[in-house]
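Just so you know, all these numbers are worked out from the coordinates, no wet-lab data involved. Just so you know, these numbers come straight off a predicted model, no measurement behind them. Here the Cβ positions follow ideal geometry from the backbone for every residue, glycine too, while neighbour counts run over all protein chains shown.
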Amino acid sequence: MARVLISGASVAGPVLAYWLRRFGFEPTVVERTPALRHGLGGHAVDLFGSGVEVVRRMGLWEQIHEARTRTTIMTLERRRGRPIDVNVDRLSAGISDEHVEILRGELTKILYDATRADIEYLFGDSIATVHGRRRDVRARGTAPVRPGDRCRRVALDCPPARLRP
Ligand SMILES: Cc1cc2nc3c(=O)[nH]c(=O)nc-3n(C[C@H](O)[C@H](O)[C@H](O)COP(=O)(O)OP(=O)(O)OC[C@H]3O[C@@H](n4cnc5c(N)ncnc54)[C@H](O)[C@@H]3O)c2cc1C
């Protein structure tokens, strides 16, 4: 089974890992924070159209919808003039038929919980260097990444400046 190393366990990392696993790859997600950044902290993430479709196909739509922020009014503060209240449902309806707003930490937790049984997560670590091109990538990190491990691909959500795969 081809191995893939993914950098970042927030939103994109776990989703990518899920789909790669479904299609026969063996992903490992490396996250630099010592533990999952979950809970009520962090900012909101809006899922529209294709984003909604992706989580629906993962069987997570109900759970994500239940954990939504339930924001109804967004107030735009202006330097001059009175603040303007915007109805969030009407605003998002102009962008997509389907929409959900959820705090990043909540979304991350749902995605992690849905994938942790099948996917290896390494916290408190990051990819230090990447050698090779395309088919045979060798990643070297700190201890848990197992220096010298070979992966088919490295997916970099947030590539450190020194990595140029
Ligand atoms: C202030 C702010 C407000 C926002 N508001 C909205 C909004 O209202 N609606 C919306 O849809 N989107 C919003 N966004 C965008 C939203 O945050 C992103 O769409 C979403 O978080 C992207 O998810 P991601 O997984 O790609 O990256 P991120 O959520 O940034 O996750 C990257 C992960 O990679 C980890 N990481 C980074 N470097 C390394 C490394 N070298 N090694 C290992 N791990 C690493 C990080 O710790 C993190 O866990 C906002 C962003 C910001 C900053």
Open item on the list: Tell me the volume per residue, in Å³, of the convex hull enclosing the alpha carbons of the range 46-91.
Closed with: 81
TODO: Go through the range 23-28 residue by residue and turn each phi into a ³J(HN,Hα) via Karplus (6.51, -1.76, 1.60, θ = phi - 60°); whole Hz please, and just put x for glycine and proline.
DONE: 9, x, 8, 10, x, 10
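When only Cα pairs under 8 Å and 6 or more residues apart are kept, what is the percent relative contact order across the range 43-114?
46 percent.
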Open item on the list: I'd like the Karplus ³J(HN,Hα) series for the range 89-96: coefficients 6.51, -1.76, 1.60, θ = phi - 60°, whole numbers in Hz, and an x wherever there's a Gly or Pro.
Closed with: 4, 5, 5, 5, 5, x, 9, 7
Task: Other-chain or far-sequence residues with amide H under 5 Å of E26's (modelled H) - done: A2, R3, V4
Task: Label-point gap, in nm, between T69 and L91 - each point 7 angstrom along Cα→Cβ - done: 0.9
Task: Phi to ³J(HN,Hα) by Karplus 6.51 cos²θ - 1.76 cosθ + 1.60 over the range 34-48, Hz, x for Gly, Pro - done: x, 8, 4, 8, 10, x, 8, x, x, 9, 7, 10, 9, 9, 10
Task: Point-to-point label distance, F48-R78, nm (Cα→Cβ direction, 7 Å offset) - done: 2.3
